[in-house]
Each structure stands twice: as structure tokens, then as C-alpha cells.
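Contents: one structure, followed by commentary.
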Amino acid sequence: WTDHGVILDVEADNAEEAGVNENGIQIAYSPWSYGHAWAPSIEKVGNMYYFYYVAAVKPEYQDKYCAWIDEYTDDNENTVEAHYVDDKAIGVAYASNPQGPYTALDEPLLYGKLIQDKFGNDEIPSVIDPSIFIDVDGSAYLTFGNWFPYIVKLNDDMISLDESVFKKISGIPM
């Protein structure tokens with residue numbers, strides 16, 4: 001394994017702010033995020049590299065991307081009032097070389113509001129921990145989630161969703 005330097009800055013608002021890494025390669029930036037990156041996954045498909053990452057959604061984008069619930073009952077049977085239940089989202093950046101430069105999408109690929117729109121407003125999504133699975137037929141799937149795992153098919157471009165397969169996985173002992 002070789003460290004090729006920083007490839008993505010989830011706190012930068014533009015390319016100038018992101019700067020270049022120690023190898024002189026432009027660092028990608030994620031305009032919708034403000035930090036808290038973890039649990040990335042990278043996949044080579046064809047001649048391209050796809051970097052899937054989790055980051056916190058900037059406050060100015062939370063109404064658009066974050067899951068919201070009016071109230072719910074916690075494990076101790078207490079009623080919890082309305083709030084954002086998950087301010088994390090999964091983004092993707094891509095490059096033709098593992099060192100970069102990478103280009104990040106301007107919007108997250110997966111986010112809490114999308115999960116609620118698909119599965120209902122009572123859904124409390126966990127949009128973290130992306131992992132890629134390539135089936136024997138070449139179809140790509142992204143699994144994600146923590147308390148509630150999901151799977152969604154990716155289009156051939158690896159940066160957009162094919163929602164014909166988008167499921168919440170149940171029956172897994174936690």
C-alpha cells in the first residue's frame with residue numbers, strides 16, 4: 001500500500017481552499033459537507049476509481065438532505081421531540097488514477113431525506129458505512145447503514161442510483 005496523499009477535503013468550499021496535496025495533485029472538495037468524514041470505500045471499475053465517503057451535511061443543506069422526524073419514542077419509552085435524526089450523507093468522487101485528481105459530485109449520492117422519501121417518514125436512516133459489491137454479472141451495488149442496513153443498485157456510471165433495486169435489509173441480528 002502506498003500513501004498518495006489527501007484526495008478529498010470534506011470541509012473545503014472550493015478548489016482553491018482544498019489546495020494541492022504533497023504530490024502536487026489537486027485535492028477534490030465536497031461543496032455540501034463540512035467535515036466528520038469516515039469509513040470510505042474505494043472501488044476500481046474499468047479504468048476509473050470511485051471513492052465513496054461519509055460526511056456531515058452543512059447546516060444550509062440540512063433541510064434538503066437530512067432526515068427529519070416529528071417525534072419518536074426512544075429505548076427508554078421517552079418521547080423525543082422533532083429534530084434531524086441523521087446529518088450524514090454519502091458522497092462519491094471519481095478519478096482515472098488512484099492518486100487523483102478526483103472530482104466529487106456537487107450533491108450527495110445518498111442522504112437521509114432520500115431514504116425517508118423512499119421508505120416513509122417514520123424511517124430513521126443511518127446513511128454511513130458505504131461498501132461496494134460487484135456481482136458476477138458486473139452489476140454494482142452499494143450497501144450502507146448501521147442500525148438499519150440498505151442496499152441500492154448503482155447505474156453503470158457508478159455515480160448515480162438505479163432505484164429498481166433499493167431495499168432495507170431485514171432479518172440481520174444486531
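The values are calculated or read from the model by the stated rules, or taken from the named source; none is laboratory data. Owing to the predicted nature of the structure, the values given are computational and were not obtained by experimental measurement. Cβ: placed from backbone, ideal geometry, glycine included. Neighbour counts: every protein chain shown. We work out accessible area using only protein heavy atoms, side chains counted, and drop any ligands, DNA or RNA first. Shrake-Rupley method; radii C 1.70, N 1.55, O 1.52, S 1.80 Å.
Where strands (runs of 3 or more DSSP E) sit wholly within the range 101-159, those with at least 3 residues that are open to solvent by 40 Å² or more (accessible area, probe 1.4 Å) occupy 131-134.
Determine whether His36 is open to solvent by 40 Å² or more (accessible area, probe 1.4 Å), within 24 Å of Ser131 (Cα to Cα) and modelled with pLDDT under 95. So His36 fits the description; yes. The residue pairs whose first member lies in the range 1-25 and is open to solvent by less than 30 Å² (accessible area, probe 1.4 Å), whose second member is of a type in the set (Asp, Glu) and not in a loop (DSSP other than H, G, I, E, B), and whose beta carbons are closer than 7 Å, counting only pairs six or more residues apart or on different chains, are Ala18/Asp9. Restricting the first member to the range 39-63 and to residues that are farther than 14 Å from Pro108 by Cβ, and the second to residues that are open to solvent by less than 60 Å² (accessible area, probe 1.4 Å) and hydroxyl-bearing (Ser, Thr, Tyr), the beta-carbon pairs closer than 7 Å and six or more apart or on different chains are Ser41/Tyr52; Ser41/Ser131; Ile42/Tyr49; Ile42/Tyr50; Glu43/Tyr50. Taken over the range 43-81, the criterion of being modelled with pLDDT of 90 or more and of a type in the set (A, V, I, L, M) is satisfied by Val45, Met48, Val54, Ala55, Ala56, Val57. Within the range 39-74, the set of residues being among the acidic types (Asp, Glu) and either open to solvent by less than 30 Å² (accessible area, probe 1.4 Å) or more than 19 Å from Gln99 (Cα to Cα) (or both) comprises Glu60, Asp63, Asp70, Glu71, Asp74.
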